[in-house]
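Presented below is the structure to which this report refers.
The values are calculated or read from the model by the stated rules, or taken from the named source; none is laboratory data. Not measured: the values here are computed from a predicted model. Methodologically, a virtual Cβ is constructed for each residue, glycine included, from the backbone with ideal geometry; neighbour enumeration extends over all protein chains shown. SASA here: full protein model, heavy atoms, side chains in, ligands and nucleic acids out. Shrake-Rupley method; radii C 1.70, N 1.55, O 1.52, S 1.80 Å.
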Amino acid sequence: MRSYLAEVIGTFCLVFAGTGAIVINDVVPGSVTHVGIALTFGLIVMAMIYSLGDISGAHLNPAVTVAFWAAKQFDRKKIIPYVTAQLIGAILASCLLRVLFLEHDHLGATLPRGPWWQSFVLEFVLTFLLMFVVLNVATGSKETGVMAGAAIGGTVALEAMFAGPICGASMNPARSIAPALVSGQLQHLWIYIVATTAGALFAVVAYQLIHVERQRAVLAADQAIEEESP
């Protein structure tokens, strides 16, 4: 239960701070700016990883949870409780923002600007990159370590910085589902569920291929050393 509660709190903080920055920037135009929004997402992710990484792994993202399972680093029985906790936290955050900003129309929902396929491809690639970084800096299924928070938070900020104006740079189904449900902006929600999950799973494949080749290279080097030894 500690892990599930940590995921509720962590995802709440992520959605409240990140989408809250979007809402406040709309209410007071230019007050946060696009750069500020990107940094807000990156910084809150970094803060939650350092705060909760040792407890739940600080997934904060259903696509990350599913990808950790696909990488055989996470118990299948915990997938539904983790995703449920993440959705609860995200929806609570969007509900609070609705109370605070009754007149806002989308509450920071991710909405594509341009053709749907453009945002689909962007979200796929963005989530692939994010999950690839996560897999390489995480300890098992936990985002812990001195540099994990900085690397993952920095990746989120970077991707939100350049891709946010077009696709919203969700990289996280829970982050998109919550404001869409609460504000009623459901028309493009499927993009941010399918593309993000597919991108995260593809990152697992790339990660495993690279590490298999690395292991083979290490084994080959060890074998060569043994053969050269008298």
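Using a 1.4 Å probe and counting only protein heavy atoms, arrange CYS13, CYS95 so the residue with the most accessible area comes first. Mind dumping the intermediate values first?
Working: CYS13 35, CYS95 60 Å².
So, going from the largest accessible area down, we get CYS95, CYS13.
For the stretch 13-68, what does the accessible surface come to per residue with a 1.4 Å probe? Please give it in Å².
Details: 1920 Å² over 56 residues.
Per-residue value: 34 Å².
Please compute the length gained on full extension between TRP116 and TRP190, using 0.36 nm multiplied by the number of residues separating them and subtracting their Cα-Cα distance.
Going from the current span to full extension adds 25.6 nm.
For helix 116-137, report the angle its Cα long axis makes with the longest principal axis of the Cα atoms of the chain; keep it between 0 and 90° and round to the nearest 10°.
Helix 116-137 sits roughly 50 degrees off the main axis of the chain.
Taking a ≥ b ≥ c as the square roots of the Cα gyration tensor eigenvalues, with a/c under 1.5 meaning rounded and otherwise prolate when a/b beats b/c, else oblate, which class fits the stretch 1-113?
Prolate is the answer for the stretch 1-113, as a/c is 1.5 or above and a/b outweighs b/c.
Have a look at LEU158, LEU102, LEU14 and tell me which one the Gaussian network model of the chain (Cα, springs below 10 Å) gives the largest fluctuation.
Among LEU158, LEU102, LEU14, the largest GNM mean-square fluctuation belongs to LEU102.
Considering only LEU97, GLY20, MET131, whose Cα is most displaced toward the positive end of the charge dipole of the stretch 2-147, charges sitting on Cβ of Lys, Arg (+1) and Asp, Glu (-1)?
The one lying farthest along the dipole's positive direction is MET131.
Rounded to the nearest 20 Debye, what is the dipole magnitude of the chain about its Cα centre when Lys and Arg each give +1 and Asp and Glu each give -1 at the C-beta? Numbers along the way, then the final one.
Numbers: 11 positive and 14 negative charges, 118 e Å.
That gives a dipole near 560 debye.
As I understand it, the value is the acute angle between the Cα axis of helix 173-183 and the longest principal axis of the Cα atoms of the chain; what does it come to in degrees, rounded to 10?
For 173-183 against the chain, the angle is about 10 degrees.
Work out which trypsin sites (Lys or Arg not before Pro) in the chain are exposed loop sites (DSSP not H, G, I, E or B, at most 16 other Cβ within 10 Å) and give the longest gap free of them.
114-230
Leaving out ligands, DNA and RNA, what percent of the accessible area of the chain is carbon and sulfur, probe 1.4 Å? Before the final figure, lay out each step's value.
Working: 7630 of 11010 Å².
The value for the chain is 69 percent carbon and sulfur by accessible area.
Going by a ≥ b ≥ c, the root eigenvalues of the Cα gyration tensor, does the chain fall in the rounded group (a/c under 1.5), the prolate group (a/b larger than b/c) or the oblate group?
Prolate.
Relative contact order (percent) for the stretch 5-136, with alpha-carbon contacts under 8 angstrom and 6 or more residues of separation?
Numbers: 115 pairs, mean separation 47.6, N = 132.
Value for the stretch 5-136: 36 percent.
For the chain, take the longest principal axis of its alpha carbons; what is the angle in degrees between that and the long axis of helix 189-228, to the nearest 10 within 0 to 90?
It is inclined by approximately 20 degrees.
Which of the GluC sites (Glu not before Pro) found in the stretch 84-186 are loop residues per DSSP with 14 or fewer other Cβ atoms within 10 Å of their Cβ?
GLU103
Once you've got the GNM for the chain with C-alpha springs shorter than 10 Å, pick whichever of GLY53, GLY36, GLY149 has the biggest mean-square fluctuation.
Sorting by GNM fluctuation, first place goes to GLY36.
Any idea what the alpha-carbon Rg over 2.2 N^0.38 Å comes to for the stretch 52-147?
Numbers: Rg = 15.8 Å, N = 96, 2.2 N^0.38 = 12.5 Å.
Normalised by 2.2 N^0.38 Å, the Cα Rg of the stretch 52-147 equals 1.27.
Counting only heavy atoms of the protein chains, get the accessible area per residue of the stretch 127-215 (1.4 Å probe) and round it to a whole Å² value.
Each residue of the stretch 127-215 exposes 40 Å² on average to a 1.4 Å probe.
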